[in-house]
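For reference, the structure discussed in these notes is given below.
The values are calculated or read from the model by the stated rules, or taken from the named source; none is laboratory data. Source: prediction; values computed, not measured. Don't worry about glycine lacking a Cβ; one is built from the backbone with ideal geometry, like all the others, and counts go over all protein chains shown. Remember, those area values only see protein heavy atoms, side chains included, never the ligands or the DNA or RNA. Shrake-Rupley method; radii C 1.70, N 1.55, O 1.52, S 1.80 Å.
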Amino acid sequence: MKFFEVLEGTSTPQTGNIDGASRWCIPSIECAVCGGYGGLGEAYPTVDLNDLPERALLEEPRSLQSVSLEEYRRLCELLRPRVPAGAPLEPGTQLGPVSGKASGRFGDFFFQAPWTLWASREAVEKLQDAGVRGLRGALGELRYRSKHPPELLELELQVRGNLHPSCFLADWQPPCSRCGSNHNGYPAETAALKAVTLPEDVDLFRLHEFKTVILASERFVTAVKHLQLGAIQFRELPVR
Ligand SMILES: [Zn+2]
């Protein structure tokens, strides 16, 4: 099986725009060793925290403030039963559907950020029918000035694959011994994936070391091409 990095398509210009954010977010943490830790990319839009008594601790603007490592770990324990098994729950993890405003015209896929991937409901259903595995998402709570608002789902991508250590740059540093933060840069030119870490039950997921990087299996890429879905492109990464 081949694997690919997922990138925004450039051939079909889009006018779509989403101005919104998830209702809840895991706060960044203070760290006596490395200074602090706030990640980017991890998101579980299908999670509903409305019945969690401690949810106010995860609401903006609380999430803009740092918390202690102990408080962060306590919050993670509360969230653990509500997220996919093995979720890293990095500080900065977005939880719950995005609410906000949408405008313009959207294609089959929409990148709100390079790490935040949306798809039309129609595209998601076609991909599921084509046999793509583990594809799910949450409808955005979006205000849209039109009689026919698009049905857009933010895709929920599990963190599942690892880089192969052979592609780490020469100045690669191990994660912080206290909080686990990763202060390295993504080796875009040399990136390679570690075969044994790649999932067999989902076809679209995030890279463990860099949760802003979205990966797709050959099955996903083949389905997208067969269905002629647009606004997305792929770059094959070597697997070792
Ligand atoms: Zn640290």
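General observations
- Filtering region 209-240 to residues that are in a loop (DSSP other than H, G, I, E, B) and surrounded by fewer than 17 Cβ atoms within 10 Å (Cβ to Cβ) leaves Thr212, Leu227, Gln228, Gly230, Pro238, Arg240.
- Test: residue in region 187-199 that is within 16 Å of the ligand (Cβ to nearest atom), in contact (Cβ under 8 Å) with a residue 12 or more places away in the chain and over 21 Å from the mean Cα position of the chain (by Cα): no
To keep it simple, each residue is scored yes or no on (1) within 16 Å of the ligand (Cβ to nearest atom); (2) farther than 19 Å from Glu141 by Cβ; (3) outside any strand (DSSP E or B).
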position	(1), (2), (3)
Thr15	no, yes, yes
Arg23	no, no, no
Val33	yes, yes, yes
Thr46	no, no, yes
Leu49	no, no, yes
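- Selection count, region 150-179, where residues are part of a loop (DSSP other than H, G, I, E, B), open to solvent by less than 70 Å² (accessible area, probe 1.4 Å), more than 16 Å from the ligand (Cβ to nearest atom) and not acidic (Asp, Glu): 7
- Residue within region 180-197 that is within 21 Å of Leu89 (Cα to Cα) and open to solvent by less than 10 Å² (accessible area, probe 1.4 Å) present: yes
- Qualifying residue in region 74-85 (condition: farther than 23 Å from Val196 by Cβ, out of contact with any Asp or Glu (no Cβ under 7 Å at 6 or more places or on another chain) and within 16 Å of the ligand (Cβ to nearest atom)): yes
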